[in-house]
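J.: I am attaching a structure below and will ask some questions about it afterwards.
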Amino acid sequence: MSSDTIRERGASTGVERKFQYRQLLFLAYQSLGFLFGDLSLSPLYVYQSIFSERLKHVQNEDAIFGAFSLIFWTLSSISLLKYALIMLSADDNGEGGVVALYSQLCRSAKFCLLPNHQASDEELSTYYKPGSSNGSIPSSPLKRFIERHKNTKMALLIFVLLGACMAICVGALMPAISVLSSVEGLKIEAKITNKSMVSCISCVLLIGLFVMQHRGSYKVAFVFPPVIILWLLTIFMIGIFNIIKWNPRVYQALSPYYVYKFFRLTGKDGWTNLGGVFLCVTGTEAMFADLGYYRQTPIRVAFHCIIYPCLVLQYMGQAAFLSKNLSAVPISFYASIPDVLFWPVFVLSALAVIVASQAVIASTFSVVQQCHAFECFPRVKAIHSRRWIPGQTYIPEINWILMIISLAVTVGLGDKNRIGYAYGIAYLILVFVTTCLTSLVINLVWHRSPIIALAFGLFFGSIEIIFLSSYCTKILRGGWIPLVLSAVFMVVMYVWHYGSRKKYLFDMHNKVSMRSILGLGPSLGIVRVPGMGLIYTELATGVPASFTHFLTNLPAFYQVVVFVCVKTVPVPCVPHEERYLIGRIGPKSYRLYRCIVRNGYKDVYSHENDFENDLVMSIAEFIQLEAEGSSGNAEGSVDGRMAVVRTSGKFGTRLLMSESSGFEEGNNINLPGALTVTSSKSPTLKRLQAMYEQELPELNTGRRIRFELQNVIYKDARVKEELMELVEAKRTGAAYVIGHSHVKAKWNSSFIKKFAINLYSFLRKNCRSPAVGLNIPQISLIKVGMNYHV
C-alpha cells in the first residue's frame, strides 16, 4: 500500500470524525432546548416547597445545608446515576419511554395483547436488536409465569397505562407550576401581593402557551436551545456569585452527613416535606422518554457537561444565600438574584418556562400517540408538521384538554406548593413505573441475572418509595389531583382496549369461510365493475363479514379487491421496504388480494396517494414473484400465502411510473417502452369526473402517478393480463370501504361489562372516525354499517 493511499484514508477518516463530532455537538445543543427545559426550571420552586408549612420558619443554617445535601444526592442518584448512566441504555432501537420498555418486553416474551400477531412480524429487521436472539437463551421462570397467565399480562398492561396516565398528568401540571412560579417574581419588584392577580396573569400566559402549540410552535423552535442555554448560564453565574458573596462554606453540605443533620433538626416535619426535594429531578424522565430524537451520546454530553454542574451550583448558591437570609425562603430564587439583574432574569425565566412547557406538552402528544398505536387510546387526529424535530406530533384534542386542566389547577389551587404536591406525585409514580419496567427488561430482555434486576429495582425503587411515603401526607393538599385524573384516563384507556379486543374477537368469530367465497366462482356471484376496492379490516386472516354484508345490499363490486389490514407491531418503526405484506385470496382469476400494512408505534401514516401507489407497486411485484416462483427466496419471505415484498433487485421496475398533474384520464400519454392500457370508464363518467374536479380544485393539488405496463415479453400471458387489469383498476380509481360499527353488549352481560361496552360505544361515536386516522380521502370513502353484539 502506497503512502499516498494511506494519507488519503487518514484524511477521509479525519473528515468523518469531524463530521461525527459536529453532529454530536449539534444534537447535544438541540437537546438542551427540548429535553432539559423542565429540569432546568426546578430551582424556581424546590426550596420553597421544602420549607413550606411547618418548616416555613426554620431559622437554622444546618437545615438549609441539609436541604441542599438532599437535593445534591437526589439529583446525583436519580438524574445522573439512574437515567444518564443506566436508563439511556434501555432503549428500544433508539426509542425510550414506558411504551418502549413495554414493547421490548412484548418482543422478548409473549406479553403483548395485540390480537393480530403473526410469525412473520418476528422477521422484521427491527424486531430484535443486532446480535440478539431469543432462540438460544433458556426461558426464565418469570417469563413462563407471565406467559401462562392472561391476568398477569393484563396487570402488566395496566401498570404501563398507569405510567402513561401520569405522563399525561405531567403534561397538564408542569406548565401550571412553572408559569405560576415564574410570575410570582412580580411580588418582589412589582409589589403585587394579590394572589388573584398572579393567578390571572398566569392563566393568560397559559392560554397563550397552548395556543402557540395549536398555531405551530415549530415555527420558532430554532430559538428554544439558545433560550435554555442562556437560562442555564445565568443561573450558573448567579449560583457562583451567591456562593462567593454569602457563604463559601456551603461546599461542606456535599457531605451526606448533612442529610442526617437535616432530619435530626426537622424530625417528622422534615419527612413530610421530603417530597419537595424530589421536585429537583422532575424533568429527568424526558432524557429517556424523548431519547429517539437525539440518541444517547449527545444527551449524556449535554447532561454531564452543562446541565448537572449548572444545577448543582445554582442549588448550592441558593443554599449559601438562604443560610444568611433565612426570612427569604418563600421567594428564595428571585430574592437571591442581584437587584440589577432582576428584570432580565425575570424575562428570561418566562421565556424558559414557555420553551420547557412546549417540550413537555409535545412529549405528552407522543405518549398518547403510542398508546393509540397499542389500541389503548381513542382515535385522535395526529398532525405531523414539525420541521425542527422530525417525528414530533400535534394532537388538537389533547392540547385543549391539557389547557383546561392546567387552567383549572391554576385557578382552583392558586398555590404553587399545592400544585407542586400534585406535580411531584404524578412524576414520582411515572419514575417508579419506569424503574419496575426496567428491572423486567434487565432480566427478560438483557438476560442478566435476576439478582442484578432485583438490585436495580430495590435500590432505586426504595428511594422512590421513601419519597412517595412523604407525598402520601399531601394527598388532601393537592396530591389527589393526579390520582383522580389518572383514574379517569385509565378508565378511558382500558375500556378502549377492552372494547377493541372484544370487537376483534367478534370479527374473528364471524369471518366468512373461504369455502363459501370459492363456491361463488370468479365473479363472486355479483357484477364486477372497473376500479379498485380497498376494504379495510382489522383481520389479518380471512374475509370480514362486512364484505358479504355489503354485497348482500349491493350485489356489485370492483374488479380488483384488496383487503387492507393496518396493524401495529411492537417495534418503534418498520422500514418502508418491509411494511407491506402481500398475499392472494383464492385463485388468480378472482383478483382478490390481501395487504397487511405493518406500522411501529412511532410510525406515521403517509398520504393516501403514496399509499395507493405503494400498494399497486407491491401487488405488481407479488404477481411477478409468484409467477417466477421466487416468492420464497431472498426477494420475499412467505407467511402462508403472504409474502414480504422487499425493495431490492427488481422491485419498482415491474411498472413504469410517470408523474402528472390535473385530470388526464382522457389523454393518451404513454411512456417509451410502455404498453397502452385503456381506461374502462365510459365517456360520460369521464366528463362527470372532470366536472367534479373542476368544482373542487383541492383535488388537483396532490401529485398523481400514472402507471404503465412495460412492453416486454411475458412467459405467462396470464401474468400480463393480471398486471394490465391492476393498472387499469388503478387508473379508473380506488374506493375505500370501511366498517361503520355499532357495538352493543349482549342482553345477558354483567353490569360491569355493559358499562364498559356502552362507554366504548360512546367513545367510538364521539372520537375521530377511522378514516381520519388512516388518511382516507372522504371523496372515495364508502361506509358499511355493522352491528356488533359482544
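J.: If you check Asn194, Asn134, which single one turns out to be at pLDDT below 80, open to solvent by less than 50 Å² (accessible area, probe 1.4 Å) and either out of contact with any strand residue (DSSP E or B) (no Cβ under 9 Å at 6 or more places or on another chain) or assigned by the TED database to the domain that holds Ser49 (or both)? Working first, answer last.
T.: Numbers: Asn194 fails: open to solvent by less than 50 Å² (accessible area, probe 1.4 Å).
Every option except Asn134 fails the conditions.
J.: Residues that are without any contact (Cβ under 8 Å) to a residue 24 or more places away in the chain and assigned to a helix (DSSP H, G or I): does the stretch 353-366 have at least one? I'd like the intermediate steps shown before the answer.
T.: In the first step, residues of the stretch 353-366 are kept if they are without any contact (Cβ under 8 Å) to a residue 24 or more places away in the chain; the result is none.
No, because not a single residue in the stretch 353-366 is without any contact (Cβ under 8 Å) to a residue 24 or more places away in the chain and assigned to a helix (DSSP H, G or I).
J.: For the list (1) under 19 Å from Leu279 (Cβ atoms); (2) β-branched (Val, Ile, Thr); (3) without any contact (Cβ under 8 Å) to a residue 60 or more places away in the chain, I need the number of the one condition that Ile452 fails.
T.: Here Ile452 clears every test but (1).
J.: Can you tell me which residue within the stretch 86-100, out of those that are among the aliphatic types (A, V, I, L, M) and under 21 Å from Ile465 (Cα atoms), is most open to solvent (accessible area, probe 1.4 Å)? Outline the logic, then answer.
T.: In the first step, residues of the stretch 86-100 are kept if they are among the aliphatic types (A, V, I, L, M); the result is 86-88, 90, 98-100.
Right, trim to under 21 Å from Ile465 (Cα atoms) and you get 86-87, 98.
Values: Ile86: 49, Met87: 0, Val98: 11 Å².
The extreme case among them is Ile86.
J.: Which condition from (1) open to solvent by 60 Å² or more (accessible area, probe 1.4 Å); (2) closer than 18 Å to Cys595 by Cα; (3) in the same structural domain as Ser589 (by the TED database) is the one that Tyr536 breaks?
T.: Condition (1) is where Tyr536 drops out.
J.: Of the residues Ile757, Ile738, Ile705, which is open to solvent by less than 60 Å² (accessible area, probe 1.4 Å), within 30 Å of Glu538 (Cβ to Cβ) and modelled with pLDDT under 85? First the steps, then the outcome.
T.: On the way: Ile757 fails: modelled with pLDDT under 85; Ile738 fails: modelled with pLDDT under 85.
Step by step, each of Ile757, Ile738, Ile705 is checked, and only Ile705 is open to solvent by less than 60 Å² (accessible area, probe 1.4 Å), within 30 Å of Glu538 (Cβ to Cβ) and modelled with pLDDT under 85.
J.: Still on this model: Which one of these does Asp507 not meet: (1) touching a residue at least 60 places away in the same chain (Cβ under 8 Å); (2) in contact with a Leu (Cβ under 6 Å, 6 or more places away or on another chain); (3) within 30 Å of Arg591 (Cα to Cα)?
T.: Status for Asp507: all satisfied but (1).
J.: Take Gln296 and tell me if it is in contact with a Pro (Cβ under 8 Å, 6 or more places away or on another chain) and polar (S, T, N, Q). Reasoning before the result, please.
T.: Working: in contact with a Pro (Cβ under 8 Å, 6 or more places away or on another chain): no; polar (S, T, N, Q): yes.
The answer is no for Gln296.
J.: Hey, does the stretch 544-556 have a residue that's free of Cβ contacts under 8 Å to residues at least 60 places away in the same chain and in a loop (DSSP other than H, G, I, E, B)?
T.: Yes, the stretch 544-556 contains a residue that is free of Cβ contacts under 8 Å to residues at least 60 places away in the same chain and in a loop (DSSP other than H, G, I, E, B).
J.: Same structure again: For the subset of the stretch 565-611 comprising residues that are part of a helix (DSSP H, G or I) and within 27 Å of the chain's Cα centre (by Cα), which member is modelled with the lowest pLDDT? Reasoning before the result, please.
T.: Of the residues in the stretch 565-611, the ones part of a helix (DSSP H, G or I) are 576-578, 588-590, 608-611.
In the following step, the residues that additionally are within 27 Å of the chain's Cα centre (by Cα) were identified as 576-578, 608-611.
Numbers: His576: 83, Glu577: 83, Glu578: 85, Glu608: 50, Asn609: 55, Asp610: 75, Phe611: 81.
Result: Glu608.
Condition check ((1) open to solvent by 20 Å² or more (accessible area, probe 1.4 Å); (2) under 34 Å from the mean Cα position of the chain (by Cα)) across all residues:
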residue	(1), (2)
Leu291	no, yes
Thr297	yes, yes
Phe303	no, yes
Gln314	no, yes
Ser323	no, no
Ala328	no, no
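J.: Against the definition (in the same structural domain as Ser52 (by the TED database), out of contact with any Lys or Arg (no Cβ under 8 Å at 6 or more places or on another chain) and open to solvent by less than 30 Å² (accessible area, probe 1.4 Å)), how does Ile361 come out, yes or no? Don't jump to the end; show me each part of the working.
T.: Working: in the same structural domain as Ser52 (by the TED database): yes; out of contact with any Lys or Arg (no Cβ under 8 Å at 6 or more places or on another chain): yes; open to solvent by less than 30 Å² (accessible area, probe 1.4 Å): yes.
Considered against the rule, which asks whether it is in the same structural domain as Ser52 (by the TED database), out of contact with any Lys or Arg (no Cβ under 8 Å at 6 or more places or on another chain) and open to solvent by less than 30 Å² (accessible area, probe 1.4 Å), Ile361 comes out as yes.
J.: Just checking, which of Leu402, Leu454, Leu428 is open to solvent by 40 Å² or more (accessible area, probe 1.4 Å) and in a helix (DSSP H, G or I)?
T.: Details: Leu402 fails: open to solvent by 40 Å² or more (accessible area, probe 1.4 Å); Leu428 fails: open to solvent by 40 Å² or more (accessible area, probe 1.4 Å).
The conditions single out Leu454.
J.: Oh, and also: Name the single residue, out of those in the stretch 197-217 being at pLDDT below 80 and open to solvent by 20 Å² or more (accessible area, probe 1.4 Å), that is nearest to Ile395 (Cα to Cα).
T.: Here the residue is His214.
J.: So is Phe111 of a type outside the set (A, V, I, L, M), out of contact with any Cys (no Cβ under 8 Å at 6 or more places or on another chain), without any contact (Cβ under 8 Å) to a residue 60 or more places away in the chain and outside any helix (DSSP H, G or I) or not? Spell out the reasoning first.
T.: On the way: of a type outside the set (A, V, I, L, M): yes; out of contact with any Cys (no Cβ under 8 Å at 6 or more places or on another chain): yes; without any contact (Cβ under 8 Å) to a residue 60 or more places away in the chain: yes; outside any helix (DSSP H, G or I): yes.
Yes: the conditions hold for Phe111.
J.: Determine, yes or no, whether Ala319 is among the hydrophobic types (A, V, I, L, M, F, W, C), farther than 17 Å from Ile86 by Cβ, without any contact (Cβ under 8 Å) to a residue 40 or more places away in the chain and assigned to a helix (DSSP H, G or I).
T.: Numbers: among the hydrophobic types (A, V, I, L, M, F, W, C): yes; farther than 17 Å from Ile86 by Cβ: yes; without any contact (Cβ under 8 Å) to a residue 40 or more places away in the chain: no; assigned to a helix (DSSP H, G or I): yes.
No, not satisfied.
J.: If a residue has to be aromatic (Phe, Trp, Tyr) and either closer than 30 Å to Arg295 by Cβ or in contact with a His (Cβ under 6 Å, 6 or more places away or on another chain) (or both) to count, how many in the stretch 34-92 make the cut?
T.: Step one: of the stretch 34-92, the residues aromatic (Phe, Trp, Tyr) are 34, 36, 45, 47, 51, 65, 68, 72-73, 83.
Then keep just the ones that are either closer than 30 Å to Arg295 by Cβ or in contact with a His (Cβ under 6 Å, 6 or more places away or on another chain) (or both); that gives 34, 36, 72-73, 83.
Qualifying residue count, the stretch 34-92: 5.
J.: Here is a follow-up. Can you tell me which condition Glu538 does not meet? The list is (1) over 28 Å from the mean Cα position of the chain (by Cα); (2) not aliphatic (A, V, I, L, M); (3) not in a helix (DSSP H, G or I), and all the others hold.
T.: Unmet for Glu538, out of (1) over 28 Å from the mean Cα position of the chain (by Cα); (2) not aliphatic (A, V, I, L, M); (3) not in a helix (DSSP H, G or I): (1).
J.: Looking only at the stretch 738-790, which residues are under 19 Å from Cys565 (Cβ atoms), polar (S, T, N, Q) and in a helix (DSSP H, G or I)?
T.: Ser780
J.: Any residue at all in the stretch 514-532 that is open to solvent by 60 Å² or more (accessible area, probe 1.4 Å), part of a strand (DSSP E or B), out of contact with any helix residue (DSSP H, G or I) (no Cβ under 8 Å at 6 or more places or on another chain) and on the phi < 0 side of the Ramachandran plot?
T.: Yes: the stretch 514-532 contains one or more residues that are open to solvent by 60 Å² or more (accessible area, probe 1.4 Å), part of a strand (DSSP E or B), out of contact with any helix residue (DSSP H, G or I) (no Cβ under 8 Å at 6 or more places or on another chain) and on the phi < 0 side of the Ramachandran plot.
The values are calculated or read from the model by the stated rules, or taken from the named source; none is laboratory data. Since we're looking at a predicted model, the values are computed, not measured. Backbone-built Cβ (ideal geometry, glycine too); neighbour counts: all protein chains shown. Areas reflect the complete protein model, heavy atoms only, side chains present, ligands, DNA and RNA absent. Shrake-Rupley method; radii C 1.70, N 1.55, O 1.52, S 1.80 Å.
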